Amino acid sequence: MPFDKQLLVTGSAGLIGSESVRYFTQMGWQVTGIDNNMRADFFGKDGDTTWNLQQLQVDCPEYQHFSLDIRDRPSILNLFSEQKFDLIIHAAAQPSHDLAASRPFDDFDVNAVGTLNLLESTRRACPEAVFCFLSTNKVYGDAPNELPLVELESRWDYANPQDYGGITETCRIDQSKHSLFGASKVAADVMVQEYGRYFGMKTACFRGGCLTGSAHSAAELHGFLAYVVRACAEGREYKIYGYKGKQVRDNIHASDVCALLHQFYLHPRCGEVYNLGGGRKNSISVLEAIAKAEQLLNKPFKTVYVDKNREGDHICYISDLSKIHNHFPDWQITRSLDSIFQEMATMYLLQR
């Protein structure tokens, strides 16, 4: 029996990619994924997504997987010539601030050139398809740090009441320090917008805060909450980089991300941008996350403080979700921070 809808997921063995495979498979879509496990190349054993791919192939037997590199333009063009897609979820990326500085060509080729390859392939083969790009809040560079802050016992917070809801999509993306990773994602982000605005394609950039869940192959250089839990569970030393460990991030579970991408598919626009995170209710500082992991896993955490923040890092970043709620009133955050922690802690407790 033929499928009604066809989905392509890039980075399909990663956090958002694998959740997208499961979400849309359960809805009756034919799902094709591409992932060459470059996360293992970037982050070593911790980043290896083989375990997740193997589980996907068990859970979703009709899922089609290709070990393709999004930098390989001929192969990407060929894939699109052979299959027509209704929706593209582009989640493949080089996602690390620090790694980008030591591997700038790989970073830009994956994040910027790979995105262009996918956009142009979509335009040529299936221009009516919906294209969802998992961008990042790092496109704003360190401009969010210019907001006045107040230091609380365990976190930084916004000093002005008008900033309480967090960072909006009107925050500037230039004249700030991004990290090379942030800059390569800016190039991709703007190109996704341009294909929407110039060619009239249904594209959107989802500027993620901390996207999380137990499917994260978390490493020290990427995967905040999942790595905090992993480090505590495995007795690893955890490095806290600057800002007294009070830097804040808002966290959203991958399942809520997929539900939003589905909403955009149902109600698409051209060249849109959205700040995507868990909002204030799902915000947490590094110190608070460490304490939560210790409590759930019932073991002490080895930490060391490094008195230098990561280049271009945010001090306090909470995503303002007002635009998303305005455009997609049927979508809500369904996974609380407590439930996210419990899911990840349970996974590691079961492995003991």
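Bear in mind these aren't lab numbers, they're just calculated from the coordinates by the rules spelled out. Worth saying up front: this structure is predicted, and the values here are computed from it rather than measured. Positions of Cβ are generated from backbone atoms using ideal geometry, with glycine treated the same way; all protein chains shown enter the neighbour counts.
The table below gives the values:
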| item | result |
| --- | --- |
| More than 13 Å apart - percent of Cα-Cα pairs taken over segment 174-248 | 76 |
| Length released on extending from LYS239 to GLN55, taking residue separation times 0.36 nm less the Cα-Cα span | 63.2 nm |
| Other-chain or far-sequence residues with amide H under 5 Å of TYR238's (modelled H) | LYS302, THR303, VAL304 |
| Selection of chymotrypsin sites (Phe, Trp or Tyr not before Pro), segment 1-83, meeting DSSP coil and at most 13 other Cβ within 10 Å | PHE3 |
| Dipole moment magnitude, nearest 20 debye, segment 235-307 about Cα centre, only Lys, Arg, Asp, Glu C-beta charged | 200 |
| Distance between modelled label sites at LYS177 and TYR198, nm, 7 Å Cα→Cβ extension | 3.2 |
| Cut-off 12 Å between beta-carbons: net charge of the residues surrounding ARG335, Lys and Arg +1, Asp and Glu -1 | -3 |
| Segment ALA101-THR334, extension gain: residue separation times 0.36 nm, minus the distance between their alpha carbons | 80.3 nm |
| Volume in Å³ per residue [convex hull over Cα atoms, computed for segment 256-304] | 121 |
| Signed unit charges on C-beta, dipole axis of the chain, positive-most listed residue PHE328, ALA129, VAL150 | VAL150 |
| Over the chain: helical MRE at 222 nm, DSSP H runs n ≥ 4 each giving -39500 (n - 2.57), nearest 500 | -11500 deg cm²/dmol |
| Those chymotrypsin sites (Phe, Trp or Tyr not before Pro) in segment 103-186 that DSSP places in a loop and that have at most 16 other beta carbons within 10 Å | TYR164 |
| Set of aspartates and glutamates with alpha-carbon distance to LYS302 below 16 Å, sequence-local pairs under 8 removed | GLU220, GLU234, GLU237, GLU288, GLU294 |
| Cα-Cα over 32 Å, subset of LYS45/LYS323; LYS5/LYS185; LYS84/LYS281; LYS292/LYS323; LYS138/LYS239 | LYS45/LYS323; LYS84/LYS281 |
| Net dipole in debye of segment 172-327 [+1 Lys, Arg Cβ; -1 Asp, Glu Cβ; about Cα centre; nearest 20] | 160 |
